[in-house]
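In what follows, a structure is listed as structure tokens, so that the remarks can point back to it.
The values are calculated or read from the model by the stated rules, or taken from the named source; none is laboratory data. Because the structure is a prediction, the values reported are computed rather than measured. FYI the Cβ positions are ideal-geometry reconstructions off the backbone, even for glycines, and counts take in every protein chain you see.
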Amino acid sequence: MEEYFRQLAETAPRWNFIWMYEDRQQGKILSGIWMTLKLSVMCLIFSVVIGVVGAWMQGAPSRIVRAIVQAYIQFFRNTPPMVQLLFFYFALGQFTPFVVGDDGWSVEPIISNVGWAIVSLSMFAGAFNVEIFRAGMEAVPESTVEASESLGFSRLQTYIYVVLPLAFRVCLPALNNNLVNLVKTTTQAFAIAVPELLYHSVTIWNDYPSAQYPTMLLVFVAYVGLVAILVFGMSRWERSIKIPGYGI
Amino acid sequence: MTWTAEKPIVSLKDVRKSFGTLEVLKGVSIDVMKGEVICIIGPSGSGKSTLIRCINGLNDIQGGSIFVQGKEVHATNLDKLELRKKVGMVFQQYNLFPHKTALQNVMMAPLKVLKENKTDVESRARQLIKKVRLEGKEDSYPGELSGGQQQRVAIARSLAMNPEVMLFDEVTAALDPETVKEVLVTIRELAEDGMTCILVTHEMGFAREVADHIYFTDRGVIVEHGPPKTFFDDAQDPRTKEFLGQIL
Ligand SMILES: Nc1ncnc2c1ncn2[C@@H]1O[C@H](COP(=O)(O)OP(=O)(O)OP(=O)(O)O)[C@@H](O)[C@H]1O
Ligand SMILES: [Mg+2]
């Protein structure tokens, strides 16, 4: 196998699958995929949490709370995610404390570029999730909420046990779309040098221009695979929570 | 004010309620003693639902007062949970939680609101389901039950909180004629067990049979009231006569 790709690189100089036979490059690709995976999973989790909490806060009695959520949504939805990343890392990153690194003498920011990427991308996708969940909540009949209140459930309990489980089912298709977008948007963490798949791929093809096509191909394939896993997982989950005799 | 059994368990004094400029209740007074069954009848839009919703605090009021077991419902320091535990409510549109089975619907409030022990709650819930004659349907979802069956689950769900008073708002209005009877049988059994019931209903035969007292409302006031026999056979007010003439 390795021998085949080595041969191919010699006979077809534009098709140098270097990471198939050189350990160092292969290591970069693998660690890039691992970072992309970590980034995606963390951002998925946090963005859904933001969506759930934000949608709850949007129904708060306090006008100020609602205004804050609205401002958050408008900002993160209407500005480019890459600019957000740069802003978080370069602007806000200055104000966070620095700590001594593992080696005992270097100083590094307490929130690394990976940390900022997670924060920024979660906030970006979370803004959409708030809107998505809110749309789902609107599909829950007011009378069901009243029934729950009449049974003594508090507003929070009604949200957790009644509204959210029903809203989730309604908004799953929209949530799916947004999460797929989020996984793809993690490539933009490249802008603040997060060593994810695209970042490593670019270093490889800068070092070895002959590896450019194969590496681009690999990035495409890797993302198709990642998104496929996500979509597969979501549709399985969707099926497992399907309510017998209920439309959605 | 401490409540004793000689005093009304539910007491409305000159209750006024408006939606914006529309005055829906124009001074309604009703006293209900423990164990009594009262029926509220009247034309559509006369404020029956509004009245009953005020009793468990789903609607606020603009004037007068409502007491349940000596506690003022619209007092600012009201313990909502305390009130909701005492007052069960069943709606026209059943409003079961569609993502929970019949048994789970009945168990949910005692588990989450009263934080009772699961085995106790489950055995009580199974008894209640038996009581409303739905044995074998414990694991069915609302979408798999007929309207009449759902309504009986809704009754069991309210009873699971061991309320002192039950409110029924046209609970048979959305049902097929054949299933109306099974729900009425359930309510009659409850009444015979000594449950205090306040019912809004269009079922005159049923009202006559189970009620201790009938109230007739029109345009936000109580026009006439009395025990079923005098009320139905010897109505005085022309509006009552007209209504009864249309409906009987
Ligand atoms: N949330 C609301 N906002 C504004 N107006 C309302 C609201 N709820 C009820 N109303 C109005 O109050 C009046 C009384 O309504 P209500 O539902 O209490 O009547 P009802 O006697 O229960 O009628 P029905 O027999 O049709 O159920 C109606 O004119 C209705 O339009
Ligand atoms: Mg009504």
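Within segment B:114-136, track down each residue that is buried (at least 19 other Cβ atoms within 10 Å of the Cβ) and either assigned to a loop (DSSP other than H, G, I, E, B) or touching a strand residue (DSSP E or B) at 6+ places or on another chain (Cβ under 9 Å) (or both).
Listed by number, the residues that qualify are B:VAL132, B:LEU134.
Report, by residue number, each residue of segment B:200-218 that is aliphatic (A, V, I, L, M) and under 16 Å from B:ASP237 (Cβ atoms).
Once the filter is applied, which keeps residues that are aliphatic (A, V, I, L, M) and under 16 Å from B:ASP237 (Cβ atoms), segment B:200-218 yields only B:ILE214.
In segment B:138-148, what count of residues is obtained for those that are touching a residue at least 24 places away in the same chain (Cβ under 8 Å) and within 12 Å of chain A (Cβ to nearest Cβ)?
Selection size over segment B:138-148: 7.
Could you figure out which of (1) of a type in the set (D, E, K, R); (2) away from chain A (no Cβ under 13 Å); (3) farther than 23 Å from A:THR158 by Cβ isn't true of B:ARG124?
All conditions pass for B:ARG124, except number (3).
Within segment A:39-56, track down each residue that is free of Cβ contacts under 8 Å to residues at least 24 places away in the same chain and surrounded by 15 or more Cβ atoms within 10 Å (Cβ to Cβ).
If the condition is that a residue be free of Cβ contacts under 8 Å to residues at least 24 places away in the same chain and surrounded by 15 or more Cβ atoms within 10 Å (Cβ to Cβ), then A:VAL53 is the only one that fits.
Just checking: which of the strands (runs of 3 or more DSSP E) contained wholly in segment B:1-98 hold 2 or more residues that are within 16 Å of ligand 2 (Cβ to nearest atom)?
Strands (runs of 3 or more DSSP E) meeting the threshold: B:10-19, B:22-32, B:37-41, B:87-90.
Residue-by-condition table, conditions (1) within 16 Å of ligand 1 (Cβ to nearest atom); (2) within 14 Å of chain A (Cβ to nearest Cβ); (3) closer than 29 Å to B:LEU22 by Cα; (4) modelled with pLDDT under 95:
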site	(1), (2), (3), (4)
B:CYS197	no, no, yes, no
B:GLU209	no, no, no, yes
B:ARG219	yes, no, yes, yes
B:ILE247	yes, no, yes, yes
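Could you tell me which numbered condition B:ILE222 fails, if it satisfies all but one of (1) within 16 Å of B:GLU170 (Cα to Cα); (2) not in a helix (DSSP H, G or I)?
If we test B:ILE222 against (1) within 16 Å of B:GLU170 (Cα to Cα); (2) not in a helix (DSSP H, G or I), just (1) comes out false.
How about segment A:134-214: which helices (runs of 4 or more DSSP H) wholly inside it have at least 1 residues that are within 14 Å of chain B (Cβ to nearest Cβ) and surrounded by fewer than 20 Cβ atoms within 10 Å (Cβ to Cβ)?
Hits in segment A:134-214: A:142-150, A:155-158, A:164-185.
Could you say which residue among B:GLY70, B:GLY88, B:GLY47, B:GLY57 is in contact with a strand residue (DSSP E or B) (Cβ under 9 Å, 6 or more places away or on another chain), touching a residue at least 40 places away in the same chain (Cβ under 8 Å) and surrounded by fewer than 21 Cβ atoms within 10 Å (Cβ to Cβ)?
B:GLY70 is the lone residue from the list that is in contact with a strand residue (DSSP E or B) (Cβ under 9 Å, 6 or more places away or on another chain), touching a residue at least 40 places away in the same chain (Cβ under 8 Å) and surrounded by fewer than 21 Cβ atoms within 10 Å (Cβ to Cβ).
Pick out the one residue from B:LEU114, B:LEU103, B:LEU81 that is more than 19 Å from the chain's Cα centre (by Cα) and either within 17 Å of B:MET166 (Cα to Cα) or facing chain A (nearest Cβ under 9 Å) (or both). Walk me through it before giving the result.
Numbers: B:LEU103 fails: either within 17 Å of B:MET166 (Cα to Cα) or facing chain A (nearest Cβ under 9 Å) (or both); B:LEU81 fails: more than 19 Å from the chain's Cα centre (by Cα).
Just a single option satisfies the conditions, and that option is B:LEU114.
In segment A:1-114, which helices (runs of 4 or more DSSP H) lie fully inside it and hold 1 or more residues that are of a type in the set (A, V, I, L, M, F, W, C) and farther than 30 Å from A:VAL224 by Cβ?
A:23-58, A:63-78
Can you tell me which residue among B:ALA160, B:ALA207 is touching a helix residue (DSSP H, G or I) at 6+ places or on another chain (Cβ under 6 Å) and surrounded by 20 or more Cβ atoms within 10 Å (Cβ to Cβ)?
From the options B:ALA160, B:ALA207, the qualifying one is B:ALA160.
Give all pairs with beta carbons closer than 8 Å in which a residue from segment B:1-27 that is within 21 Å of B:ASP218 (Cβ to Cβ) and among the hydroxyl-bearing types (Ser, Thr, Tyr) meets a residue that is part of a loop (DSSP other than H, G, I, E, B) and modelled with pLDDT of 90 or more; count only pairs at least 6 apart in sequence or on separate chains.
Partner pairs satisfying both residue conditions: B:SER18/B:GLN62.
Taking A:SER120, is it among the hydroxyl-bearing types (Ser, Thr, Tyr), in a helix (DSSP H, G or I) and within 14 Å of chain B (Cβ to nearest Cβ)?
No: the conditions fail for A:SER120.
Taking the criterion of being within 14 Å of chain A (Cβ to nearest Cβ) and touching a Gly at 6+ places or on another chain (Cβ under 9 Å), would at least one residue in segment B:52-59 satisfy it?
Checked segment B:52-59: at least one residue is within 14 Å of chain A (Cβ to nearest Cβ) and touching a Gly at 6+ places or on another chain (Cβ under 9 Å).
Quick check on my filter: what residues within segment B:157-179 are within 16 Å of ligand 1 (Cβ to nearest atom) and away from chain A (no Cβ under 14 Å)?
B:THR172, B:LEU175
Considering only residues of segment B:192-222 that are among the small types (Gly, Ala, Ser) and in contact with a strand residue (DSSP E or B) (Cβ under 9 Å, 6 or more places away or on another chain), which is farthest from ligand 2 (Cβ to nearest atom)? Show your work before the answer.
Residues of segment B:192-222 among the small types (Gly, Ala, Ser): B:194, B:205, B:207, B:211, B:220.
Those still in the list that are in contact with a strand residue (DSSP E or B) (Cβ under 9 Å, 6 or more places away or on another chain) too: B:207, B:211, B:220.
On the way: B:ALA207: 15, B:ALA211: 18, B:GLY220: 13 Å.
Looking at the filtered set, the residue picked out is B:ALA211.
For segment B:163-186, which residues satisfy the criterion of being surrounded by fewer than 24 Cβ atoms within 10 Å (Cβ to Cβ) and part of a loop (DSSP other than H, G, I, E, B)?
Residues satisfying the conditions are B:PRO163, B:GLU164, B:GLU170, B:ALA173, B:ALA174, B:LEU175, B:ASP176.
Residues to consider are B:LEU103, B:LEU81; find the one that is away from ligand 1 (no atom under 16 Å from the Cβ), in contact with a Gly (Cβ under 8 Å, 6 or more places away or on another chain) and of a type in the set (A, V, I, L, M, F, W, C).
Going through B:LEU103, B:LEU81 in turn, the sole match is B:LEU81.
Taking interchain pairs and intrachain pairs at least six residues apart, which have beta carbon atoms under 6 angstrom, with the first residue in segment B:156-184 and under 14 Å from B:LYS131 (Cβ atoms) and the second within 16 Å of ligand 2 (Cβ to nearest atom)?
B:SER158/B:VAL90; B:VAL183/B:GLN151; B:VAL183/B:THR172
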